[in-house]
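Novice: Before I ask anything, let me first share the structure, which is written out below as structure tokens.
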Amino acid sequence: MYFNRRNFLRSASILAACSLGEFDVMAAAMQAKTHGNKVSEDDDAYWNNVRQLFPLTRERIYLNTGTMGASPYPVIEAVREGMMKSDEHGDYGGYENSIEVLAKFTGCSKNEIALTHNVTEGINIACWGLPLKRRDEVIISDQEHVGNALPWLNRQKLHGIILKTFTPAATADETLNRISALITKRTRVIAVPHIPCTQGQVLPVKEICRLAREKGVYSCIDGAHGPGMLQLDLHDMGCDTYASCCHKWMLGPKGTGFLYVRAGFGSVLQPYFVGGGSSGGEWDMVLKPEYMPPYADNAHRYFGGTQSLGLAMGVMAAVDFLNNIGMDNVHRRIKYLGSYLQQRLLALDDKIELLTPTEESSFCGVNSFRIRNVPYSDFYKLCSGEGIRVRGVPENGINCTRVSTHIYNDTQEIDKLMKVVEKAAVSG
Ligand SMILES: Cc1ncc(COP(=O)(O)O)c(C=O)c1O
């Protein structure tokens with residue numbers, strides 16, 4: 001057994017009483033460590049132990065990681081520890097270590113990571129930094145989260161760029177064809193989500209980035225849902241920028257994120273947001289109007305100002321937590337639950353319209369569906385009444401229900417959701 005449940009529960013009640021210092025959460029987390037071994041995706045005993053490491057209430061069923069991931073105790077404890085370090089001595093610094101940790105986790109170099117507070121911030125830095133002029137074209141999907149829609153729409157409004165949209169398709173090949181068909185001589189950027197917030201299909205980002213490169217077009221990926229759900233290798237993906245957060249599938253503290261800017265792309269991407277840190281330490285204490293210090297010679301030029309040691313330590317603990325389980329195990333468990341949900345929905349035949357593709361490479365932990373004749377908003381209320389948190393998807397009139405399944409969920413929770421689906425489907 002990986003985990004001493006009785007000790008843990010004792011400690012958990014200490015946690016609940018807010019005496020975090022008395023609680024050796026790390027010891028409990030040690031017991032979920034796999035030491036690089038494979039854990040079966042349906043090993044309920046193991047995954048139940050992992051579930052114990054989350055304060056997430058059992059009074060309701062949480063199926064909305066796509067909006068916000070729940071953090072486990074070790075992450076919460078690390079945030080507290082980081083704050084104590086800053087607040088006991090007034091020391092500043094130490095947050096920089098999280099840059100290297102994030103780089104390793106996402107398959108790039110620490111020189112290619114800028115710290116941000118969320119996905120939106122990273123997308124804005126990328127969007128505003130590109131040298132775009134009037135009538136330059138940018139390809140986005142018609143299923144963007146506002147975080148990847150408004151920055152480009154704003155440049156359309158302020159700078160006259162032209163947005164072209166495609167609908168993500170049921171297969172990776174067809175999605176690629178649709179993007180390809182939109183490319184013209186004026187196309188400058190393909191700015192798509194890795195996984196749209198609407199229907200959750202995993203887009204073929206590596207192929208999209210290759211297409212962009214072949215056509216001399218920049219690739220800017222909205223990676224809100226990538227890290228923590230999929231194993232990432234940003235170098236292999238080949239994007240120019242990848243904006244993400246640590247507060248969804250990575251299970252990190254809320255208000256943490258990063259922007260990947262590939263090495264060499266600094267000659268293209270202008271830094272408009274600069275300040276303490278973005279000149280790479282080369283700055284003149286006596287600021288002279290005629291002297292602008294050089295930018296840091298890497299992606300660190302894209303962020304500046306005071307950082308939080310507590311949040312940075314929480315991010316590092318989140319990466320540790322996932323690595324201790326093993327990202328391969330995490331990914332397989334998420335995919336297993338996503339697949340289980342799909343199978344249960346598909347068994348209801350024409351009562352349900354599953355919007356997320358069933359193509360193996362095109363789905364994972366986010367699935368969206370409609371129940372025939374049942375408005376998604378009614379179904380949302382039914383779920384709330386049963387203590388189940390899903391997300392309604394009104395974006396662009398898609399009007400469906402989105403279910404996210406992470407490692408703290410299980411098939412019993414999906415079965416409970418399906419009872420509500422079945423009840424609604426019968427009445428619909
Ligand atoms: C696909 C997608 N992009 C961007 C965002 C915005 O993320 P953040 O709130 O971290 O800025 C979200 C949030 O749900 C999202 O799902």
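The values are calculated or read from the model by the stated rules, or taken from the named source; none is laboratory data. Please read all numbers here as calculations on a predicted model, not as lab measurements. Using ideal geometry, Cβ is built from the backbone for each residue, glycine included, and neighbour counts are taken over all protein chains shown.
Novice: Which ones in the stretch 122-158 are within 22 Å of GLY304 (Cα to Cα) and out of contact with any helix residue (DSSP H, G or I) (no Cβ under 9 Å at 6 or more places or on another chain)?
Specialist: Scanning the stretch 122-158 gives a single hit, PRO131.
Novice: Sticking with this structure for a sec: For the stretch 314-331, enumerate the residues that are farther than 19 Å from HIS247 by Cα and surrounded by 18 or more Cβ atoms within 10 Å (Cβ to Cβ).
Specialist: ASN329
Novice: Another question, if that's okay. List every residue pair whose Cβ atoms sit under 6 Å apart, with the two residues 6 or more apart in sequence or on different chains, where the first one lies in the stretch 227-250 and is of a type in the set (Ser, Thr, Tyr) and the second, anywhere, is away from the ligand (no atom under 16 Å from the Cβ).
Specialist: That search, which allows pairs on different chains as well, returns THR241/VAL261; TYR242/LEU234.
Novice: Any residue at all in the stretch 294-308 that's at pLDDT below 90 and surrounded by fewer than 20 Cβ atoms within 10 Å (Cβ to Cβ)?
Specialist: Step one: of the stretch 294-308, the residues at pLDDT below 90 are 294.
Still in the list and also surrounded by fewer than 20 Cβ atoms within 10 Å (Cβ to Cβ): 294.
The answer is yes; a qualifying residue exists.
Novice: Would you be able to say whether some residue in the stretch 163-174 is within 19 Å of LEU232 (Cα to Cα), among the hydrophobic types (A, V, I, L, M, F, W, C), out of contact with any Asp or Glu (no Cβ under 6 Å at 6 or more places or on another chain) and surrounded by 17 or more Cβ atoms within 10 Å (Cβ to Cβ)?
Specialist: Yes, some residue in the stretch 163-174 is within 19 Å of LEU232 (Cα to Cα), among the hydrophobic types (A, V, I, L, M, F, W, C), out of contact with any Asp or Glu (no Cβ under 6 Å at 6 or more places or on another chain) and surrounded by 17 or more Cβ atoms within 10 Å (Cβ to Cβ).
Novice: With the structure loaded, tell me whether VAL315 is among the aliphatic types (A, V, I, L, M), within 16 Å of the ligand (Cβ to nearest atom) and out of contact with any strand residue (DSSP E or B) (no Cβ under 6 Å at 6 or more places or on another chain) or whether it fails that test. Step through it out loud before you land on a result.
Specialist: Numbers: among the aliphatic types (A, V, I, L, M): yes; within 16 Å of the ligand (Cβ to nearest atom): yes; out of contact with any strand residue (DSSP E or B) (no Cβ under 6 Å at 6 or more places or on another chain): yes.
The answer is yes for VAL315.
Novice: In addition: Identify all residues within the stretch 86-118 that are surrounded by 17 or more Cβ atoms within 10 Å (Cβ to Cβ) and among the charged types (D, E, K, R); write none if there are none.
Specialist: Result: LYS110, GLU112.
Novice: What strands (runs of 3 or more DSSP E) lie completely within the stretch 330-426 and have 2 or more residues being under 25 Å from PHE54 (Cα atoms)?
Specialist: 366-371, 391-393, 400-404
Novice: Considering every residue within the stretch 90-102, establish whether at least one is touching a residue at least 60 places away in the same chain (Cβ under 8 Å), under 30 Å from SER368 (Cβ atoms) and not hydroxyl-bearing (Ser, Thr, Tyr).
Specialist: Yes.
Novice: Among the residues of the stretch 109-148, count how many are within 15 Å of the ligand (Cβ to nearest atom), outside any loop (DSSP other than H, G, I, E, B) and charged (D, E, K, R).
Specialist: Of the residues in the stretch 109-148, 1 are within 15 Å of the ligand (Cβ to nearest atom), outside any loop (DSSP other than H, G, I, E, B) and charged (D, E, K, R).
Novice: How many residues, within the stretch 85-104, are hydrophobic (A, V, I, L, M, F, W, C) and over 21 Å from ALA29 (Cα atoms)?
Specialist: So the count comes out to 2.
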